[in-house]
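Since every read-out is calculated from the coordinates, none of them should be taken as a lab result. Everything numeric here is computed off the predicted structure, so don't read it as measured data. Note: ideal-geometry Cβ built from the backbone for every residue, glycine included; neighbour counts use all protein chains shown.
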Amino acid sequence: MKILIVEDEKPAATRLLHMLEKVEPEATILGVAEGVEATLNFLDQGPLPDLIFMDIHLADGSAFEIFRHNPLKGIGVIFSTAYDQYAVDAFKVNALYYLLKPIKQEELELALARFRDSREKEHDYKEIVSKLLSRQPSDKRFLIRMGQSLRLVHQQDIAYFYTADKITFMMTREGRKYPVDYTLENLEEMIDPAHFFRINRQYIIRLDAIQQMHAHTKARVKIDLLPASHEEVIVSTEKSPLFKKWLEGES
């Protein structure tokens, strides 16, 4: 585990270093950055950390300015601050934990446990998707009429289907959108269930169109699609348990 500490108070940074040496002795501390600019420079030059412990009030501004320049995708963030009024802002940038100074060892251990848990879940999702993608795709095809011309689209070239204004559309992996003469109910009977899943009333998605998944409210899952959707795509509460089983390869 590679860790970066963002802290402008040397005593606080030293205390955190000593605590990390005790509770996470195998971790590699990449360094201590004292401000916004120093942190951004460190991230630009690398190596990238797996986890950042970040104070909010820094020497040259607020830590939230870092996220405006670098969203820190793929990097876990744990805030450590003497102030509790920024918890909502921390939630907005997907922080894993919010530690109040002076940091207690049991709280630090909980924060690190949450980081490890988040990484394990991410690994599990990637492994599941990789296994499912290794299956041989079906060769079903769709004949699309565009004015006086016809286009043949293979099922494996389709990223997802969706409805808008009572019209059903097909989005290809190349980012081309075509109207289709079927309802989503019709399509559910036609497509390969190993590779496609209806996640809600508006979307049927293909497994390898999933770019990223995020935990959402009420045990639902928010999905980033590729090509990107024009709206937020969330697995419905009703479909969430079946969706997770589908990801795991269960019928």
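Translational diffusion coefficient of segment 26-76 (Stokes-Einstein, Kirkwood radius from Cα pairs, 25 °C, 0.890 mPa s): 217 µm²/s.
What number, rounded to the nearest 500 deg cm²/dmol, is the helix-based mean residue ellipticity at 222 nm of the chain, given -39500 (n - 2.57) per DSSP H run of at least four residues and division by all its residues?
Values: 7 runs with 80 residues, N = 251.
Taking each H run of at least 4 residues, the total per residue is -10000 deg cm²/dmol.
Considering the chain at the alpha-carbon level, its Rg and Dmax are found to be 22.7, 74 Å. Highest GNM mean-square fluctuation among Gln212, Gln45, Gln155, for the chain modelled with Cα contacts below 10 Å: Gln45. In segment 141-247, taking the dipole from charged Cβ atoms about the Cα centre, the farthest positive-side position among Val221, Ile199, Ile144 is held by Val221. Just need the Rg to Rh number for segment 1-49, please, alpha carbons only, Kirkwood Rh. My calculation of the ratio gives 0.98.
Just add up the charged neighbours of His69: K/R +1, D/E -1, any other residue whose Cβ is under 15 Å from the Cβ of His69. Around His69, the charge tally is -2.
Farthest towards the positive end of the charge dipole of the chain, among the residues Tyr182, Trp246, Gln45, is the Cα of Tyr182, using unit charges on the Cβ of Lys, Arg, Asp and Glu.
Please give the peptides 215-222, 230-237 ranked by average Cβ packing (other Cβ atoms within 10 Å per residue), highest first, as a rough proxy for protection. The partial results should precede the final answer.
Details: 215-222: 13.2, 230-237: 15.5.
Sorting 215-222, 230-237 by mean packing, highest first, produces 230-237, 215-222.
Electrostatic tally near Ile52: other residues with Cβ closer than 12 Å to its Cβ, Lys and Arg +1, Asp and Glu -1, net -2. Spatial offset of segment 8-71 relative to segment 214-246 amounts to 32 Å, using the alpha carbon center of each. In segment 141-247, the alpha-carbon atoms span a convex hull of 101 Å³ per residue.
Taken about its Cα centre, the chain carries a charge dipole of roughly 1080 debye when the Cβ of each Lys and Arg holds +1 and the Cβ of each Asp and Glu holds -1.
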